[in-house]
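What follows is a set of notes on a single structure, which appears directly below.
The values are calculated or read from the model by the stated rules, or taken from the named source; none is laboratory data. If you're wondering where the values come from, they're calculated on a predicted model, not measured in any experiment. Don't worry about glycine lacking a Cβ; one is built from the backbone with ideal geometry, like all the others, and counts go over all protein chains shown. Keep in mind that these areas ignore ligands, DNA and RNA; they rest on the heavy atoms of the full protein, side chains included. Shrake-Rupley method; radii C 1.70, N 1.55, O 1.52, S 1.80 Å.
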Amino acid sequence: MLFTTRPELTGDFGMVASTHWLASATGMGVLERGGNAFDAAVAAGFVLQVAEPHLNGPGGEVPILLWSEAEQKVSVVCGQGVAPAAATIERYTELGLDLVPGTGLLAATVPGAFGGWMLLLERWGTWRLADVLAPAIHYAEHGIPVLERISATIESVRGLFTEDWPTSAATWLPGGAVPAPGSRLANPVLAATYRKLIAEAGSGSREEQLAAARKAWYEGFVAEAIAEFSAKTAWRDSSGEVHGGLLTGDDLAGWAASVEEPVTFDYRGHTVCKTGPWGQGPVFLQQLALLDGFDLDAMGHLSADYVHTVTEVAKLAFADREAWYGDAGVPMSDLLSEAYTAERRRLVGPEASLELRPGAPGGRVPRLPGFPAPGTAANAPGVSGARSPQGVGEPTVAAGAGGVEAGDQVVSPDGSVRGDTCHVDVVDRWGNMVSATPSGGWLQSSPTIPDLGFCLGTRAQMFWLQEGLPASLRPGARPRTTLSPSFALRDGRPWLAFGTPGGDQQDQWSLNFFLAVVHGQLNLQEAIDAPMFHSEHFPSSFYPRGSRPGVLHVEDRVDPGVVAELRRRGHEVEVQDPWTLGRLSAVARDGGFLKAAANPRGAQGYAAGR
């Protein structure tokens with residue numbers, strides 16, 4: 001057995017693993033009081049909005065994969081909102097934009113997280129609204145312990161808040177100061193919003209209460225506040241200009257969370273399930289399909305051959321993501337077909353490729369977007385002219401801010417905000433399982449709506465302002481999100497729910513974990529603790545959509561001889577600190593037991609169970 005930072009938990013009652021100990025403890029508390037995995041996931045998800053406000057919020061989104069023991073199937077809950085009716089390519093180009101800004105109101109989609117959580121609770125859960133919201137309300141009213149990363153994030157955007165976004169300053173700079181690590185930070189306005197939702201839900205049946213709460217959110221006081229803020233205010237965003245929003249009350253009223261079938265791939269006795277190609281999830285499956293033709297067992301876990309092969313396969317799969325993924329017309333069956341995969345597999349050579357090479361599934365000619373020149377956020381227009389962009393990307397603060405590890409984001413020297421999110425997994429004693437990746441609406445994405453205590457998300461930045469692409473901006477379309485929870489069956493039975501924050505890295509880190517379990521024969525905690533790596537070869541999904549061809553990040557716990565060999569093969573290897581890559585958590589049903597593990601990196605993820 002390998003050394004691990006904590007034990008793999010084993011029991012038979014229930015398990016919760018997430019990116020924050022408060023969410024994991026909340027979920028376990030629900031299980032202890034008779035709730036099921038779906039109740040626990042919802043309660044934990046709302047706590048994550050309060051405990052990790054720099055990583056997600058009520059204005060964001062959530063994709064969810066679940067196993068229902070009663071239904072004996074995997075389902076996908078899509079809590080990803082859509083582009084407003086007024087969000088046309090023509091509208092943005094009239095404003096002089098060739099990319100959707102990475103911050104501000106123009107990047108907002110319909111906030112789907114609330115609808116996604118409510119659908120999960122209504123269809124599969126048992127608890128009432130007031131019960132699942134109680135822990136989040138407690139922490140919003142009384143305050144959460146400020147993580148070092150929350151403080152660092154707020155510090156990085158303090159100038160933006162004080163000079164351009166005063167409503168955010170009022171929420172996140174109590175007394176005009178950045179909250180110190182270890183201090184207490186409350187959000188009483190958000191607590192009041194949730195209390196009002198409970199009041200408007202009334203005293204009817206559980207189902208009637210949930211329907212009333214959904215109506216209050218998407219047609220009532222929440223929707224009215226969002227629509228008014230979007231229509232009547234304007235704010236500086238990452239383009240450097242001042243813009244209002246396009247989101248209306250009709251956009252919110254016309255959207256609802258949905259249930260879908262997963263996209264699946266069978267790999268070595270395992271059936272892996274992901275969302276459809278409106279998210280990047282199927283890129284995990286394409287990587288598995290390509291790897292199925294290589295002998296990873298013979299290569300050895302984390303050998304030079306192993307890391308090289310997995311990296312080169314990722315480049316091919318993510319190139320297809322750029323050319324083919326979006327909310328409509330994706331040739332998924334061709335992308336996963338044996339013939340197409342065999343053709344693509346032949347492109348994996350002994351040297352590192354520096355090209356972006358999408359394929360031609362079914363003979364279709366690939367078309368890539370017109371990407372910006374390779375680079376990072378340092379190349380983007382500044383906020384307020386001379387200032388560098390603040391708040392862009394997913395929310396881990398770039399190098400230079402205190403308490404932040406450099407390996408889990410596209411590092412920018414200007415302190416721009418980049419790459420992370422949240423994740424939660426749950427399994428209960430009845431066998432139900434959940435994997436959810438809530439994100440968006442983080443505190444630095446756009447100005448706080450003062451009547452609600454939260455801001456809108458910026459997921460529309462993943463659309464392209466170029467016609468004719470699968471991910472082109474269209475009213476009512478879902479952006480091709482990076483959010484990518486994972487679920488796997490083994491020999492046809494539910495086995496593993498897992499996932500990680502990390503933007504474009506999610507389906508690389510998750511794959512590393514999965515392969516470590518399947519091929520490395522590691523247990524869940526060993527696989528999470530194992531050295532991680534990822535490529536930045538392909539374009540980022542976040543403004544300003546830069547890329548770093550050939551760049552490969554590895555933790556310095558990878559053997560130096562392996563690093564040297566990878567460099568000899570042409571990889572631009574950047575060695576990161578030993579515990580900086582990956583934010584995984586996982587739960588499993590395995591051999592009559594329930595199991596769980598969580599990430600030690602960042603000192604906040606935790607698993608709980610018995």
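Within region 581-604, is even one residue more than 30 Å from ASP491 (Cα to Cα), without any contact (Cβ under 8 Å) to a residue 40 or more places away in the chain and either among the aliphatic types (A, V, I, L, M) or not in a loop (DSSP other than H, G, I, E, B) (or both)? Checked against the condition, which is being more than 30 Å from ASP491 (Cα to Cα), without any contact (Cβ under 8 Å) to a residue 40 or more places away in the chain and either among the aliphatic types (A, V, I, L, M) or not in a loop (DSSP other than H, G, I, E, B) (or both), region 581-604 yields at least one hit. Can ARG321 be described as within 22 Å of HIS537 (Cα to Cα), open to solvent by 50 Å² or more (accessible area, probe 1.4 Å) and of a type outside the set (Asp, Glu)? So ARG321 fails the test.
I need the strands (runs of 3 or more DSSP E) fully contained in region 457-566, keeping only those with at least 1 residues that are touching a Phe, Trp or Tyr at 6+ places or on another chain (Cβ under 9 Å) and of a type in the set (Asp, Glu).
Result: 551-555.
Against the test of being among the polar types (S, T, N, Q), assigned to a loop (DSSP other than H, G, I, E, B) and surrounded by 17 or more Cβ atoms within 10 Å (Cβ to Cβ), the options THR153, THR109, THR193 yield a single qualifying residue, THR109. Counting residues in region 532-539 that are over 18 Å from VAL263 (Cβ atoms) and of a type in the set (Asp, Glu) gives one or more. Pairs linking a residue in region 514-543 that is in contact (Cβ under 8 Å) with a residue 40 or more places away in the chain to a residue that is open to solvent by 10 Å² or more (accessible area, probe 1.4 Å) and aromatic (Phe, Trp, Tyr), with Cβ atoms under 9 Å and 6 or more positions apart or on different chains, are GLU526/PHE3; ASP529/PHE3; ASP529/TRP579; PRO539/PHE371.
Between a first residue in region 162-187 that is among the basic types (Lys, Arg) and a second residue that is open to solvent by 20 Å² or more (accessible area, probe 1.4 Å) and assigned to a helix (DSSP H, G or I), which pairs have beta carbons less than 8 Å apart while being 6 or more apart in sequence or on different chains? As it stands, the answer is ARG184/HIS142, since those pairs meet every condition given. Tell me, yes or no, whether region 259-275 has at least one residue that is crowded, with 23+ Cβ neighbours inside 10 Å, closer than 22 Å to GLU61 by Cα, among the hydroxyl-bearing types (Ser, Thr, Tyr) and in contact (Cβ under 8 Å) with a residue 24 or more places away in the chain. The answer is yes; a qualifying residue exists.
Can you give me the number of residues within region 157-182 that are outside any helix (DSSP H, G or I) and surrounded by 14 or more Cβ atoms within 10 Å (Cβ to Cβ)?
Of the residues in that region, 7 qualify.
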